[in-house]
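Here the structure is laid out as C-alpha cells; the discussion comes afterwards.
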Amino acid sequence: MHLEEKTLGSEQKYDGKIVKLFLDTVELENGGQAFREVVKHPGGVCVVPLDSEGNVLFVRQFRYPHGRVMLEIPAGKLEYGEDHRACGLRELKEETGCTCDSFEYLGNLVPTPAYDTEVIHMYLARGLHDGAQSLDEDEFLEIEKIPLEKAVEMIMKNEIADAKTQIAILKTSLLTGH
C-alpha cells in the first residue's frame with residue numbers, strides 16, 4: 001500500500017527499565033527492504049495545574065540526558081497498560097501535592113514519531129487543593145508558580161525547551177483565552 005511499510009522481522013536489542021530497543025526489517029512500498037530502529041516506550045502523561053489566579057505550577061528538575069535543570073509541567077511515565085487519567089492524577093499529587101476538582105483531557109502528542117512509540121497524554125487540572133508532595137525516592141524537584149500569560153511568553157522566547165510543556169501550555173492558553 002502507498003506510504004506503508006510491512007514488518008518482515010523484529011529483533012529485540014535492549015530491554016531496559018523504561019525503554020526497549022528493537023531492530024526491525026521492513027518491506028518498502030517499492031518492494032525494497034530497510035531497517036528501522038524502534039524504541040518502545042509505555043508512554044506518559046503531563047498535567048497543566050492551573051490555579052484560580054491563572055498561575056501554572058511548574059517543576060524544575062535536572063534532566064540527565066541534557067545535563068541541565070529544565071522547567072516543565074508535572075509529568076510521569078505510564079506503566080504498560082496503565083490508565084493515563086489515573087496516572088495523571090497520581091503524578092499531579094506526587095509532584096505538586098495538589099488534588100483538583102476538574103481534570104480535562106487536552107489530547108495526546110507523539111514527541112518523536114520517527115523512531116519512538118511514546119505517546120504523551122495531556123490534561124488541564126483546575127480547582128486545585130494544596131497538599132503534601134510524595135516524591136519518589138530518587139526524584140528531586142522544585143515547584144514554581146508562573147502566570148499562564150508569562151509561560152506563553154517564555155515559550156515564544158525559547159525559555160521553555162520541553163515539548164510536552166510547550167504544547168500543553170499553548171493549548172491551555174487557547175482554551176482558556178489567556
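The values are calculated or read from the model by the stated rules, or taken from the named source; none is laboratory data. Because the structure is predicted, anything quoted here is derived from the model rather than measured. Cβ: placed from backbone, ideal geometry, glycine included. Neighbour counts: every protein chain shown. These accessible areas exclude ligands, DNA and RNA; they are computed on the full protein's heavy atoms, side chains included. Shrake-Rupley method; radii C 1.70, N 1.55, O 1.52, S 1.80 Å.
Looking at segment 168-177, is at least one residue open to solvent by 60 Å² or more (accessible area, probe 1.4 Å) and polar (S, T, N, Q)?
no
Counting only residues that are closer than 25 Å to residue 175 by Cα, part of a loop (DSSP other than H, G, I, E, B) and in contact (Cβ under 8 Å) with a residue 40 or more places away in the chain, which one in segment 54-95 is most open to solvent (accessible area, probe 1.4 Å)?
54
Given the residues 36, 85, 68, which is the only one that is at pLDDT 95 or above, within 15 Å of the chain's Cα centre (by Cα) and among the basic types (Lys, Arg)?
85
Is there a residue in segment 2-22 that is touching a His at 6+ places or on another chain (Cβ under 7 Å), under 18 Å from residue 125 (Cβ atoms) and hydrophobic (A, V, I, L, M, F, W, C)?
Within segment 2-22, none of the residues are touching a His at 6+ places or on another chain (Cβ under 7 Å), under 18 Å from residue 125 (Cβ atoms) and hydrophobic (A, V, I, L, M, F, W, C).
Taking the residues in segment 119-151 that are assigned to a helix (DSSP H, G or I) and open to solvent by less than 30 Å² (accessible area, probe 1.4 Å) as candidates, determine which candidate is nearest to residue 65 (Cα to Cα).
151
Tell me which of these residue 43 doesn't satisfy, since it passes every other one: (1) among the small types (Gly, Ala, Ser); (2) farther than 30 Å from residue 152 by Cβ; (3) open to solvent by less than 20 Å² (accessible area, probe 1.4 Å); (4) touching an Asp or Glu at 6+ places or on another chain (Cβ under 6 Å).
Result: residue 43 fails condition (2) only.
Answer yes or no: is there a residue in segment 102-118 that is at pLDDT 95 or above, loosely packed, with under 13 Cβ neighbours inside 10 Å and farther than 30 Å from residue 39 by Cα.
yes
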